[in-house]
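Report on one structure; see the data block that follows.
Any read-out appearing in this document is the output of simple, stated calculations on the displayed coordinates, not a laboratory observation. Source: prediction; values computed, not measured. Quick reminder, even Gly has a Cβ in these numbers, built from the backbone with ideal geometry, and neighbours come from all protein chains shown.
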Amino acid sequence: MSVSDPTALTLRQAASAIAQGRLHAEALVDACYDRVERLQPTLNCFIRTAPDPARAKARAADMAVKAGRTTGPLHGVPLAHKDMFYRVGEICSCGSKIRADYVPDHTATVLKRLDVAGGIELGRLNMAEFAMGPTGHNDHFGRCRNPWNPEYITGGSSSGSGAAVAAGLVFGALGSDTGGSVRLPAAACGVVGIKPTLGRVSRYGTMPLSQSLDCVGVLARSVGDCARLLSVIAGADSNDGLASRHTVPDYERGLDQALDPRSLAGITVGVPDRYYYEGTDGEVAELLAASRAIFEKRGAKIVDVPVGDHGAVNDLSNAILWPEGAALHLSSLRDRAHDYASQTRARLLVGLGVPATLYLEATRARTPLLEELLQRTFSKCDVLQVPVLKRPVPTAIETDVGGGAAMQEILGQIVANTRPFNYFGLPALSVPIGFTRNGLPQAMQLVARPFREDVLFRVGAAYEAAVGGFTARPPL
Amino acid sequence: MRDGIDAAALETVLASSGVKVTRQDVDAVARSLARIRDAAAALFPSPLLDETGERFFRLLEGDADEGAGR
């Protein structure tokens, strides 16, 4: 098979072509680096690249295929990750000045699992400082730019992950999601992103922000690609006592059935009766309605479902996020305050003012509030569908608010629909649903019961198959 | 008072952490705290006396166990 532009393949197509000897991993790595070299000045996705070790691994991968050795599910596939996953002996900046020279003494479990599966890391990706910021701005490394139009935000905090995957620089990327940081860049850049259930993926060796909310997730160009990546990284870890011991299913199993015209028969999609759609822009609402029509054509039932006061849940999550973040950063806030971006510092300061009793109450209230959501809402549906963003993707200028008075309002609007699901610990998948008139992508968010990522992938893959795949590429 | 928050008391709390703060910082934190306080008032069931943070994780895990039969 001749592959004219191998960077346009999906991750699963590329892995298959390499395993069958139809595509050389080294040629694929070279093709990706060619794009990186050409597009980095425009997009600013990468903080660092590592061409020599990547090419050496690619050559070894090609020799393994030639020798007929067994290959992993990511054998020879180029990846890159948000710069907050530790690899022993290699700088991990966390998008910050404070950790500009930080060299970890251990390697993240997720990186080890990707290595074992055969993935090849091309470098480290841009991100919001310390994963705090939903826009893609970064005062230290420069703003990451959206491949669909560099004047617009990528979303954050996994800004480089969204932009690099969308631009075809890599086939998949790790991100982290404490309040929407995987789903927002996936949505704004037009790729698929999953925030798994809290505890589904080990956090050992990843930069912490909030132990109660942090999740490691993945971004890729198709639902099946995300399913494969999550299958590789999920599962128990002796180095992380909070990683769940629940068996990890093969998330790719059954996804081929997505092509069946009635593949969603028996699935009920719930549309919340309050909060998530309130104030949604007309264009965005139309795209969401069109996506529900596709669900119905595939056999799904659409129902309105009741939800509680999730606007208040959104605000309440700040009583957990910022105290936990501030406790981690307290020493640096005292001694190196000037090395933080003004916005990062301003958000962390909130954590210093939250009374300990309020923090604990907010933590303990998660149980009855989740119980209510499971009983009142998920008893009536298999998945919830809500917008990721209630409005078209904004420009960088509109959202460049620093740490000023507008910060709370502007940033609050961006994370309004993503943060509640971090509070509840539920899995959520961001799936592209088309474009608004500004030429930027839009996305729906599908949310399921705990550990039902398999249901999210099933519904997402059915939608993807129905629209003929996510084949649009940014004009680069 | 800022948004029903005693700004002077808040400033004392923030300063006691050892972090230098300005009056602008205090005002911004007060605005955020006011929103959190309102959310808590709207959401907290009472009493939470017997509730534990640990049960949240059992609920997540337990729901998945029950899901097999759903």
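General remarks:
- Pairs from A:LYS301/A:LYS390; A:LYS82/A:LYS195; A:LYS195/A:LYS380; A:LYS82/B:LYS20 whose Cα-Cα separation, in the structure shown, is over 26 Å: A:LYS82/B:LYS20
- Principal axis box of segment A:419-476, alpha-carbon based, largest edge first, Å: 37, 24, 18
- Residue mean of other protein chain beta carbons inside 10 Å, A:444-455: 2
- FRET efficiency for A:ASN239 and A:GLU283, using Cβ-Cβ distance with R0 set to 45 Å, rounded to 0.05: 0.50
- Normalised by the number of residues in segment A:295-368, the average gap of Cα pairs under 8 Å and 6 or more apart makes the relative contact order 38 percent.
- For segment A:187-328: rounded, prolate or oblate by the Cα gyration tensor [a/c cutoff 1.5]: oblate
- Each part gets one Cα centre, and for segment A:70-121 versus segment A:234-272 those centres are 25 Å apart.
- The distance between label points at A:THR247 and B:ASP65 comes to 1.5 nm (points 7 Å beyond Cα on the Cα→Cβ vector).
- This model, with +1 at the C-beta of Lys and Arg and -1 at the C-beta of Asp and Glu, gives segment B:7-68 a dipole about its Cα centre of some 560 debye.
- Whole-Å distance, taken between Cα centres, linking segment B:6-67 and segment A:8-41: 46 Å
- Convex hull of segment A:393-455 built on C-alpha atoms - directionally averaged projected area, nm²: 5.4 nm²
- Reference-scaled alpha-carbon Rg (2.2 N^0.38 Å with N residues) for segment A:351-416: 1.57
- Each residue of segment A:172-188 was assigned a 3J(HN,Hα) from its phi angle through the Karplus expression (A = 6.51, B = -1.76, C = 1.60, θ = phi - 60°), giving x, 8, 7, x, 10, 9, 10, x, x, 5, 9, 5, 5, x, 4, 5, 5 Hz with x at Gly and Pro.
- Sequence ranges A:169-176, A:92-99, A:443-450, A:110-117, ranked by mean other-Cβ count within 10 angstrom, highest first: A:169-176, A:443-450, A:92-99, A:110-117
- Of the trypsin sites (Lys or Arg not before Pro) found in segment A:27-87, the ones in coil according to DSSP and having at most 12 other Cβ atoms within 10 Å of their Cβ are A:ARG69.
- Relative to one another, the C-alpha centroids of segment A:380-431 and segment A:150-215 are positioned 13 Å apart.
- Residue-wise HN-Hα couplings along segment A:61-66, as the Karplus relation 6.51 cos²θ - 1.76 cosθ + 1.60 with θ = phi - 60° gives them from phi, are 5, 5, 5, 5, 5, 4 Hz; Gly and Pro carry x.
- Listed by chain and number, the lysines whose alpha-carbon sits under 21 Å from that of A:LYS66, ignoring those within fewer than 8 places in the same chain, are A:LYS57.
- ³J(HN,Hα), Karplus 6.51/-1.76/1.60, whole Hz, each residue of segment A:227-233, x for Gly, Pro: 4, 5, 4, 5, 4, 6, 8
- For segment B:7-68, convex hull of alpha carbons as volume per residue, Å³: 160 Å³
- Estimated Rh, the protein assembly as shown: Kirkwood, alpha-carbon pairs, angstrom: 23.3 Å
- Percentage of interatomic Cα-Cα distances in segment A:64-183 larger than 24 Å: 28 percent
- Longest to shortest principal axis, alpha-carbon extents of segment A:18-71, angstrom: 40, 20, 13
- Shielding by partners for peptide B:19-27, expressed as the average number of C-beta atoms from other protein chains within 10 Å of each residue's C-beta, is 4.
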